[in-house]
Structures are given as structure tokens and as C-alpha cells.
Amino acid sequence: MTHARTYSGTLIQEPSLREQEHSRLARRAAAEGIVLLKNTGTLPLDLSAPVALFGAGASRTVKGGIGSGDVNNRSNVSIYQGLKDAGLRLTSEGWIEDYEARYHAARAAWKQKVLEAAKQVDNPFDAYSANPFVLPQGRPIVPQDVQGAAAVVYVLSRIAGEGKDRRLEKGDYYLSDSEWNDLRTLDRLGLPIVLLLNAGGPVELTDLLDVAVHIEAVLQLSQLGQEGGHAVADVLLGKTTPEGKLTATWARRYTDYPCAERFSYLDGDLEKAVYQEGIYVGYRYFDSFGVQPLFPFGYGLSYTDFSLRFAGLRVGSDAIEVDVETENAGICFSGREVVQVYISCPQNGGAKELRRLAGFAKTRLLAPEECQTLTIRIPQKQLAAFAPQKQGWVVEQGLYGVWVGNSSASVTLCAQIRVDAETLIERTHPICPLDHSLDELGAANAAQKEASHPAGLPVYGFCPQPQSLPERPAAPLAEGPVEELIPLLYGNITKGTSTLGSAGVRVPGSAGESTEELEASHGVPSLIMADGPAGLRLRQSYQVDRASGRVYGVGVLGSLENGYLETPPQHDNADTYYQFCTAFPVGTALAQTWDTALMEEFGRAIAREMEEFGVDLWLAPGMNIQRNPLCGRNFEYYAEDPFLSGTLAAAVTCGVQQSGRCGVTIKHFACNNQEDNRMGVDVQISQRALREIYLRGFEIAVKTAAPAAIMSSYNRINGVYASNSRDLCTVLARQEWGFDGVIMSDWNTTVPDDGSTPWKCAAAGNDIIMPGNPDDDADIRSAYAGGSLSEEDIRTCAGRVMALAKKLRG
Ligand code: BGC
């Protein structure tokens, strides 16, 4: 029997050509994002010399974080598998075999624990996120395990994700006792050790690197998606020369991070987060306050060396271009270098960071002695600071330093830019006011160290250009009876609740849909939304009853971990549809490539999968700033620096949206920088830090790539929920930045008592409340009837939803 509707996916279980192509892209992207932090010459390894492989992540390599950022792909290549596929002989097969048994036992015990905990809570997702799986410890390493090995590879892994921040404890931010024991044992055995970090963010390594003298190489993998094991083999064996760079500072000690003790749960107050460090986030803090990091932002080694030569600077009307000649100065390996340009500002106005990233570019693959001249564009806004008293972005008068290098700590002052007159380049509106004063770092420090400029440097005059507000035509107001338009203001109401991933009906495993109520009457198609950012999050397979055409659903638990916690029953007389999506590297790993062309290619691949499965909006990229290494979702995000984050997100957006049929949803707008109490925490922050650090990346993405949608965050900012903030959704995004797409809320933000107010979402310009529930409808209707929500607000939001539906599906 045939049914009127079509089903997403395919009845064929074998890997498609697309799957194979995307696997290759995932492998290339993963290898490109690996950062070489240390190498005394052990790497690359010699394929003919056996290796001893240990660590929880050896055979159980963590492909990504958990929660909505997880991808239900077909299978993953572990580091163990990757090295075996490459033909490397391993001396530690016995240890790995023993580990596998421990792993399976630990998984089974964990499953029981989550299922038990799920009985105690309303939403099973809360039980899942509160109890992340912890990889078990392996058996103690004995000398026989390394017999015949020329080197040791040790994989240190961590799992973190949505709903819970990382713990400042052994086994998470710190090494566990058993990791210490393993590494001490291996150090005593005297073989060269290659340490691989397979975690969503930093693990403190300072003491280990001081003590374990045989750790000859360290690689920051992050979490590399389904092809991670192959990519690691490519880099370890020298098939690919490492070319990744850190996108966050790795401190020597956790307490070296600004506001370290006050982050999230650490000060016992989850109701508010005071952003006292102001603009001094990441390297901005470490550089300005002279704190030595373990590994600086932008840092990453190669198997070869590069030399950089400043080759000139051109001043344009609203940007500056810097030419840098980059040579592969080695003799053995081809490689690629990321050239970074930082700007130091005059310190005559408000205190500023010592230097900020203002532009970057990556070379092509350069053979030994080959040269390439890169032109790096610096938008004038990278010279500006937000001046609250002037209510705008100001380029101050004075001398700016142009620093060229390959990390934030390895830069050379090459030129100076002279600005003769202070210029207000953009006027802004006051947004998100704080009702009390904030004792911000740096404010009392106006005598912040100004970079000294030696005599004899070339000086270029630059005259900043004031910019007017962008003009983009607003979507027309929706026509028709207002009552009929209201369903456009929340998602398609489905039965059952979930904080993620299972509210979509038409594409099983998608996160949600806009309403279908106006499809027949007004011809407004419902838009289908699926998560990211490491790929497309759908159910890997689902069944359809042949007689009725009904799709068999799964609950929240069934939608997690590829159905490991709750295996869906197999139905008779049913067809099975497969939706094999690709698990690409996580956001941080992708960002570590610093490769905008690759990000765009990745975006095109995402769009291809979206079109294959019928998804209209991808709920990614995740653009929150990595303010503190303990944020549970840092793995989804790109960087501690907004310019890098915004530039990379813009590239992904261009890729996804290239065909015009798919859209991104940049998220979480804004300041979703912690996971514990993410739905209630009030971020208290100055307007300057908000604009310069936490909003700037969104601004870059909106202005340069016109994303189709924005997802507002759960948290409050200076007392107001982001999805209820007219300042954010309307004044800033639309009036100041010219955003012409749709703003949707994060999932279930309107929970009673501890959430945003439905009608205030519409009034703020947060067009759609996701995933939508009957209370949202009732609240909006009563606010309209009572006069607190205007007809114009409803027509405006509805008009934007209609316009986007037309654009993507019209
Ligand atoms: C997450 C979002 C995600 C949404 C839908 C929420 O819990 O915060 O990032 O897009 O669920 O799955």
C-alpha cells in the first residue's frame, strides 16, 4: 500500500556515495584540526616500529560531546582502529582487550543508573545529563605491554555535554589517579611517550609535563567525529603535517583564568554569573596581566618550520590589508601555516586589552622552501572599542601596533597605524542595562600597559569611516485574521516533551518544526529543524507501519546515544528507513583548523545532508564564547575570541546557505557560557563586554553572511531572559545589524516558574517559541486579548516566519 506522505531517509542500509564522500571530508577536517602542542622529534612515528597504545580513549575514542550536539551516525573509527588500519603493529593488544571488557561492564552499569534516575524526574533528559558516562580505568600497565615497542601512545579522554558543566576534579579537569599511575609507570619504562588529548576542552597538564620527562609529544585532538582514528593515524605517521592552532588559552593553573573561582557551581551561586573580568577573556586577560599560559591562544606546531616576513600594508576606506610572506623554512615536510595579525590599541581612552586578533589567513600546502604571500584583511571595526559614554564604537586617536605571528604569544610588531582624529564609526542604542554598578576588572586599571613601539617602524595613516546603520527591507506584516496567525509564533505542538532532539515528527529525530497549521489555509510550509553543530542530528533509523503509514516514535531516552539507553522494539509489517548522517569533528576541532575555505566546504556538506533528509534549518553553528574551560558545551563552540568565532561561523553559514534552500540558526544568543542552571542563570555584565566579547561574533556572522535564523539563549542577561529581550532581538539584531531572518527560542525556554514568558517572546521579536506547547498558545492569546501584546507584534513575527518559509521552501 502506498501512502500520501513521503519518508525521509532510504530503505537501503549500505553506505551511500554521499556517506563515503563525507567520511573522507570528516577525516580531512579532523586531521586539519589536530594541534601539535609539543614535539621533541618523536613525531612522526615510523610505521615499521611497533607502538604500545593505552588510555581510555584508545579503543573508545570519544567522537564528540553529549546532548543535542551528538550525532547518531553509523559508526566511529577509534584511534586503535585507525592505527591498525594504517598498518602499525601494537604491542598492547592484551591491555586493549582487557579494557574492552571493562568498558562494556561500565556501560551496562551506567545504563542502569540512568534508567533508575530517569524514574525520579519529569524529563528523562535531566537524568541523562546529570549522569554523564565516565570512561572506566584500564588495568595497570605492566612491562610486557610495551615489550618490543619503540614508543608509547597514551590517549586521555573526557566526555562532557549539555546540561552540566565540567567538574574541577580528578578525572575531569585534572588527571585521575589511574592516569597519573599509568603515565608515571610509562615514564619509568623510559620509552618516548606521545600524549593525545581527546577532550572537549583543556585538561590541566602542567604538573604532568614538569614530572614526566619522557612525554616527548603532545597533541590536542579535541573530539574528532567518526573518522577521528584515521585522522590521528594520518598525523602520527606523517601522512598529514599538523596544522591546527588552539582557539583557547590553556592556563598553567585553573586559578589563572579570570573569575575562575566564581564560575558556575564553584561559588555556590547558580542564580547569577557576574562577568567581572569584563573584556579580559582568554588571551586578552593573559596578555594584558602578564600571566604566562601553558599553551597560548593561536598556538600550534608543525613538523616543519615557517618564517614570516611582513611585506607591506595598504590602507583602504574601511579596512586595512597586511601582506605577509610565508615560507616553509624546513627541508623535509610540506605543511600549512596560519598567519595571525593582532592589533594593539592606544590606551588613552578606556583600558584595553594589550592585543586583539584582527585578521588571519592560512597558506596552501607549502613544500619545503616554497613561499606564499598572504593578504590579511583587517576590518576597521577591529581597531574600535565600544565606548558606553559615547554610545557607540570609537576608533581612538593615536598609534596602533600591527603585530604579525603564529600565536598570540609569538608576534612581532611590524608596522604602526596612525589615526589622527577620534572617530565614532557606529552609533548604537543602549541595550541590556545593568541596574547596579559592576566592579569590573580593568576599570581601575586605566594605566593598562600600552605596547611600546620602537622607532623606525613604518607608519601608515588611516582615516576611519563612520558607518550608517545597514538597510535591509523588513519582512511584510502577515495578513489575515490575527487569531489564525498566532500558531506561527510557536513550534508545531507535538505530544510528549523533550529538551532536545525528539520533537520533530516528519523527519524522525529532528529537533522540531514550525507550525503546520497554516500549510493548507495560507500555504505556509512548516520548516523542519535539526541539530548540529558536528553534523546533522537525526535518528539513525526508524520504522513505518506498512498498513497505516504511521511512523513508530521513540521517547527521549530512545533518542539519545543512538538508542543505547532504550532500544526501540522491532515491529513486524514495517519498513525500516535509514538516515545515516556524518559525525564531523566538534565545533572546537573544526575551529582549530582556522580554515575558512574548509568551514565553507563543511557547510556545503551539511546542506547536502539537509536536502537529502528534508531539513530546512540547521540548529548550528554554536557561537558562544569559551569564557571558562569548564563550560560543559565548550566543545560545540569555536573559540574564546569573537573575531575568530564570528569569521568561522560566517564561512559555515555561506556554505550551508549557498543553494538558497537551507538555513543556519546561529546560537545561543547570547551569553550561554555555562550549563549548570543554564535556564535560570542571570548574567550580569557591562554593555562594553557584552558588545565587544559576547555579541561581536554574532554580529560578524549576521553582517557578513546573513544567517537565516538565530536561536536565543535560555539565560537572562542583566535580569531579562534573552528570548524576552527586545534589546537583543529587535534593537540590536535587527535595527543595528540589519538581521532580516527569524529568531527562535531555545527548547522549552518558557517552562513555568523558571523560564521566559511566551507573549514577551513575541513582543521582543523572538518570533518562534520552540518546540511549542499549548501553554504558549494560551499565554499569547490572553496577552493579545488583554492588550499587553499588540496586533503589530504578532503580525511582525508571523510575517518573518512566513517570509523565511517562502525563501527556503517557496
Ligand atoms: C539546546 C539547543 C538545541 C535544542 C534542540 C536545547 O536543549 O540547548 O542547542 O538546538 O535543544 O535540540
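Bear in mind these aren't lab numbers, they're just calculated from the coordinates by the rules spelled out. Everything numeric in this text was worked out from a predicted model, so none of it was measured. For neighbour counting, all protein chains shown are included, and Cβ atoms are generated from backbone atoms with ideal geometry for every residue, glycine included.
Take the Cα of Asp85, step 7 Å along the line toward its Cβ, and report every residue of region 214-230 whose backbone nitrogen sits under 16 Å from that point.
224-230
In terms of the Cα gyration tensor, with a ≥ b ≥ c the square roots of its eigenvalues, is region 501-555 rounded because a/c is under 1.5, prolate because a/b exceeds b/c, or oblate?
Here region 501-555 falls in the oblate category.
Arrange the peptides 615-624, 336-345, 726-735, 304-313 so that the one whose residues have, on average, the most other Cβ atoms within 10 Å appears first.
Descending packing order for the listed peptides: 615-624, 336-345, 726-735, 304-313.
Whole angstrom only: what separates the Cα centroid of region 224-242 from the Cα centroid of region 324-349?
When both Cα centres are located, 24 Å separates them.
With all pairs of different alpha carbon atoms counted, what Kirkwood hydrodynamic radius in Å does region 274-461 show?
Computed over region 274-461, the radius equals 17.9 Å.
Among His436, Gln397, Leu413, which residue has its Cα positioned farthest towards the positive end of the charge dipole of region 386-442, with +1 placed on the Cβ of Lys and Arg, -1 on the Cβ of Asp and Glu, and the dipole taken about the Cα centre?
Result: Leu413.
Using +1 on the beta carbon of Lys and Arg, -1 on that of Asp and Glu, and nothing else charged, what's the dipole of the chain about the Cα centre, debye to 20?
Computed about the Cα centre, the dipole is about 880 debye.
7 Å from Cα along Cα→Cβ at both Ala329 and Val459: what's the point-to-point distance in nm?
It works out to 3.0 nm between the two label points.
As a quick test, which of the pairs Lys38/Lys164; Lys239/Lys362; Lys164/Lys667; Lys119/Lys164 have an alpha carbon distance above 23 angstrom in this structure?
Lys38/Lys164
State the Kirkwood hydrodynamic radius of the chain in Å, one decimal place, computed from all pairs of distinct Cα atoms.
Computed over the chain, the radius equals 27.2 Å.
Using Cα pairs under 8 angstrom and six or more residues apart, how large is the relative contact order of the chain, in percent?
Contact order relative to length: 15 percent.
What does the helix-only formula give at 222 nm for the chain: each DSSP H stretch with n ≥ 4 adding -39500 (n - 2.57), the total divided by the residues, and the result rounded to the nearest 500 deg cm²/dmol?
-7000 deg cm²/dmol
Going by average Cβ density within 10 Å per residue, which order do the peptides 589-601, 169-181 take, highest to lowest?
589-601, 169-181
Residue separation times 0.36 nm, minus the C-alpha to C-alpha distance between Arg139 and Ala778: what's the value?
224.3 nm
Calculate I(q)/I(0) for region 695-744 by the Debye formula, one identical point scatterer on each C-alpha and no solvent, and give its log10 at q = 0.25 Å⁻¹ to two decimals.
One equal scatterer on each Cα of region 695-744 leads to -0.96.
Report the calculated FRET efficiency for Leu17 and Arg377 (r = Cβ-Cβ distance, R0 = 45 Å), to the nearest 0.05.
E between Leu17 and Arg377, to the nearest 0.05, is 0.75.
Would you please give the FRET efficiency between Leu47 and Tyr552, computed as 1/(1 + (r/R0)^6) with r the Cβ-Cβ distance and R0 = 45 Å, to the nearest 0.05?
Given R0 = 45 Å and the Cβ-Cβ separation, E is 0.40.
Give the distance, in whole Å, between the Cα centre of region 74-141 and the Cα centre of region 571-641.
Between the Cα centres of region 74-141 and region 571-641 lies a distance of 23 Å.
For the chain, what proportion of DSSP beta bridges, expressed in % and rounded to the nearest 5, is antiparallel?
Taking every DSSP beta bridge within the chain, about 65 percent pair in antiparallel fashion.
Could you grab the Rg to Rh ratio for region 652-792? Cα atoms only, Kirkwood for Rh.
Value, to two decimals: 0.97.
Determine, for each peptide in 558-569, 239-250, 349-360, 650-661, the mean count of other beta carbons within 10 angstrom over its residues, then list the peptides with the highest first.
Sorting 558-569, 239-250, 349-360, 650-661 by mean packing, highest first, produces 239-250, 349-360, 650-661, 558-569.
Subtracting the Cα-Cα distance from 0.36 nm times the residue separation, let me have the gained length for His429 to Asp753 in nm, one decimal.
113.6 nm
Take Asp305 and Asp575, extend 7 Å from each Cα along the Cα→Cβ direction, and tell me the distance between the two endpoints in nm.
Taking the simple label geometry, Asp305 and Asp575 are separated by 6.3 nm.
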